[in-house]
Structure formats: C-alpha cells, structure tokens
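Report on the following structure.
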C-alpha cells in the first residue's frame with residue numbers, strides 16, 4: 001500500500017513495479033523494514049487504517065529530539081481523501097505525542113503535495129526552515 005501511494009504521489013512515468021524497485025534500491029523507505037525499531041522503540045507510534053480487510057492508510061510518529069516528534073508516513077489512498085480518516089489518524093498521533101511529553105511535531109513533505117500542505121496548515125502546522133539535509137522538501141512544525 002505504501003508503495004502504491006508513493007507511486008501516485010511521485011508521478012512515475014513507468015510501472016508500479018519499476019517504482020517499487022527504485023524505492024527498494026534507494027532505501028527511502030528503510031524505516032518500514034522494521035516498524036518496531038523505527039517507531040515503537042523510538043518514542044513513537046505507528047497507525048494503520050483499514051476499510052474492512054484492506055489497508056488504506058498509515059501514519060506514524062517518532063522521536064526526533066528530546067521534546068520534538070516527527071510525523072511520518074501520513075499517507076492515505078486517494079479514494080479515501082476527504083472522509084476525515086487522515087484527521088482521525090493525526091489526532092491520535094497528536095494526543096500520543098502530547099502524552100509522551102513532546103512539545104512540538106515536525107514533518108517534511110514534497111512541495112508537489114499541495115493538498116497535503118494545505119491539510120497540515122489547517123491542522124495548525126507552520127512552515128519552518130529545513131530541519132535536516134533534505135532541503136528540497138517543505139518543513140513544517142506544530143507546537144503542542
């Protein structure tokens with residue numbers, strides 16, 4: 001599901017199989033190889049949304065710094081946009097972050113993700129300077 005969503009997001013001209021090979025070779029989704037280590041054992045949580053038995057979305061949060069969490073893998077299949085599912089996932093993660101003592105949540109997203117950026121703005125996120133080495137991405141932060 002993650003790679004299906006990524007395929008749509010990044011607008012590949014090739015096949016889904018080509019994009020899967022690319023993402024696996026690049027290591028871009030290495031955090032997904034061990035969710036427990038990447039999220040659960042790193043001060044975070046990983047959520048999945050289902051429609052009956054079909055995985056339709058994911059969202060995760062992990063420790064970035066002592067008082068800062070990072071929102072990751074906030075992806076939802078397009079046919080489920082606008083139904084409040086992403087908002088519900090985010091609210092669970094925001095509440096979790098607050099309970100864990102985080103004071104802020106940061107994220108990065110592609111500047112091509114206009115709809116996602118608008119969603120994050122509606123949630124209260126503000127754009128900030130890049131907080132890691134990926135200067136091509138839009139960095140955002142929400143104070144809890």
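Values computed for the structure shown
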| item | result |
| --- | --- |
| Within the range 96-120, considering residues that are modelled with pLDDT of 95 or more and closer than 19 Å to residue 78 by Cα, the one surrounded by the fewest Cβ atoms within 10 Å (Cβ to Cβ) | 118 |
| Every residue from the range 30-59 that is under 18 Å from residue 78 (Cα atoms) and either in contact with a strand residue (DSSP E or B) (Cβ under 7 Å, 6 or more places away or on another chain) or in a helix (DSSP H, G or I) (or both) | 47, 48, 49, 50, 55, 56, 57, 58, 59 |
| The range 71-93, residues that are without any contact (Cβ under 8 Å) to a residue 60 or more places away in the chain, within 16 Å of residue 141 (Cα to Cα) and either in a strand (DSSP E or B) or out of contact with any strand residue (DSSP E or B) (no Cβ under 7 Å at 6 or more places or on another chain) (or both) | 71, 72, 74, 91 |
| Qualifying residues in the range 121-144 (those that are part of a strand (DSSP E or B) and out of contact with any helix residue (DSSP H, G or I) (no Cβ under 7 Å at 6 or more places or on another chain)) - the one surrounded by the fewest Cβ atoms within 10 Å (Cβ to Cβ) | 143 |
| Any hit, the range 64-83, residues being over 22 Å from residue 36 (Cα atoms) and at pLDDT 95 or above | yes |
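The values are calculated or read from the model by the stated rules, or taken from the named source; none is laboratory data. A quick note: this is a predicted structure, and the numbers were derived from the prediction, not measured. Quick reminder, even Gly has a Cβ in these numbers, built from the backbone with ideal geometry, and neighbours come from all protein chains shown.
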